[in-house]
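Below: the structure, in structure tokens.
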Amino acid sequence: MTEDKTIYIHPLARRNRLFLMTVGSLLLGFCLLLDLLFWQAYKLQLIILNMAALIVFLVGYLKHLQPKVSYTITPEWLSYHHSWGQWRLPWHSIRRVGEINVQLHMQALHLPFVGIALSDVSHLANSISPRLANKLIHEQKNLLITAVKAELITQQQAIICFEPFRINGQRITGPIAAFLHQCTVLQSAYGFHLYLPQDSFDRELPSFIALLQQCQRYSSTKA
């Protein structure tokens, strides 16, 4: 990374969106023709076929709604773009980037996320949008379930906490406070505050970790 370099990461979740929307549209058109010809004789079968075609189209459409760019990386910042909002962190607030591994039922389990450990969560609290905070609380439900199963946290800790969150004398309430409480719980379980899903970047998980670590090192040399 050079000083004027900006890296844009495109989400894997958007792949095949046009193909699925095209196939879904063609199937819906074909179903409409079949409905006109055979509705009375094959009503139940045609309902199922119509629903399947609609699901294919909707999956493609939901992929299409995902942001074209999921991460913007500069020498100063790491920004995450989600259809529900975004957050932006300066590199000096990021302490560590790594894989997430856990022992479950005597087996090593590699979770499909990149973990980010923060040295200071105040930047996250000030940059994340309430809508995204609320969305991530629910998207991270499986991480909490896995942590409970692995006995890394208790069931009580996995419950959403609606109490205010205090940091540096600041009193935070609402979805952002609940999200920060959850970040703290997940950090106690896995060692990371933030969890970047594997389908939000365009390369293999180890390669994305290596990229972030390289950018973090570069940022520290420019500080």
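Key figures
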{"item": "Segment 156-171-segment 42-58 distance, computed between alpha-carbon centres (Å)", "result": "45 Å"}
{"item": "In the chain, lysine pairs closer than 22 Å at Cα, eight or more apart or cross-chain", "result": "6"}
{"item": "The chain - Kirkwood radius from inverse mean 1/r over Cα pairs (Å)", "result": "19.9 Å"}
{"item": "139, 163 arranged by Cβ crowding within 10 Å, fewest neighbours leading", "result": "163, 139"}
{"item": "Cα-based Rg of segment 91-222 normalised by 2.2 N^0.38 Å, two decimals", "result": "1.07"}
{"item": "Helix-only CD estimate at 222 nm, as mean residue ellipticity for the chain, using -39500 (n - 2.57) per DSSP H run (n ≥ 4)", "result": "-15500 deg cm²/dmol"}
{"item": "Whole-number D in µm²/s for segment 123-162 (Stokes-Einstein; Kirkwood sum over Cα pairs; 10 °C, 1.306 mPa s)", "result": "141 µm²/s"}
{"item": "Segment 91-222, dipole about Cα centre (Lys/Arg Cβ +1, Asp/Glu Cβ -1), debye to the nearest 20", "result": "320 debye"}
{"item": "Protection-proxy order for peptides 207-213, 102-108, each taking the mean of Cβ atoms within 10 Å per residue, highest first", "result": "207-213, 102-108"}
{"item": "Highest-first arrangement of 175-185, 24-34, 67-77, where packing means the average Cβ count within 10 Å", "result": "175-185, 67-77, 24-34"}
{"item": "Point-to-point label distance, residue 122-residue 104, nm (Cα→Cβ direction, 7 Å offset)", "result": "3.6 nm"}
{"item": "Relative contact order (percent, whole number), segment 91-222, Cα cutoff 8 Å, 6+ residue spacing", "result": "31 percent"}
{"item": "Calculated FRET value between residue 45 and residue 16, using beta carbons and R₀ = 35 Å, to 0.05", "result": "0.80"}
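The numbers here are math on the coordinates, done by the rules we state, and not lab data. The structure presented is a predicted model; accordingly, all values stated were derived computationally and were not measured. Backbone-built Cβ (ideal geometry, glycine too); neighbour counts: all protein chains shown.
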